[in-house]
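The structure under discussion appears below in the form of structure tokens.
Coordinate-derived values only; no laboratory data. Just so it is clear, the structure is predicted and the values come from calculations on it, not from any experiment. All Cβ positions, glycine included, derive from the backbone under ideal geometry; neighbour counts span all protein chains shown.
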Amino acid sequence: MNRQVCPFHADEDIPGTLLNDDGAYTFTCDRSTGHPTPGHHTWMHAPEPVDMPELTELAQELRLDVELPAAIALYPGRWVEYGIVEAAYASANAHDFARLVERYSHTAIAPTQYSASAFIAATLGRLSRTGHVLFHTGPATGRWRYNGQISWWALPPEPSWEDRTSWVDLDRAMDYVPGSTE
Ligand SMILES: [Zn+2]
């Protein structure tokens, strides 16, 4: 059983729920107070690349703790599906995103064991643990549909789950991925 301690309640040892076949787990602390946002606290933990146990090093170099929230901020007051965050980040940081794709490839190029998407999602997961970004489990749409369920993201204060934009809503091509075959 995959368990994590709530970062705001050291005595809350939370069992994880599997998000999808990528091996990401979600955690919810049900305590109603003491979290950065009112009510319970939900975060996501995704597998980290085997070649780099310290995910934070590259993530810090690319300033993902700033750039990923900036990508989400393009959709104020809304929940957005994972692919939207990725596309917005890639558009604003084409050179850095190309580095990630060169290193980890992307499912838009070919099936891959680990991917730039897995790396970015894992970094978002880290940010969600501390409440810097908000996580919600939701449906995967369009070309991400193979995941079944996927991560959705927002910035505090927490938007209503009714206010959300899916990948299909965006109707975005995958041409932001260098070498995409889609
Ligand atoms: Zn808690």
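Evaluating 6.51 cos²θ - 1.76 cosθ + 1.60 at θ = phi - 60° for every residue in segment 17-27, the Karplus couplings come out as 10, 5, 7, 6, 5, 6, x, 7, 10, 10, 9 Hz, glycine and proline recorded as x. In a DSSP loop and with at most 10 other Cβ atoms within 10 Å, there are no trypsin sites (Lys or Arg not before Pro) in segment 33-111. The long axis of helix 82-92 is offset from the longest Cα principal axis of the chain by roughly 60 degrees. Computed from Cα positions, the angle between helix 94-104 and the longest principal axis of the chain comes to roughly 90 degrees.
Between HIS9 and GLN60, the contour length at 0.36 nm per residue exceeds the alpha carbon distance by 15.7 nm.
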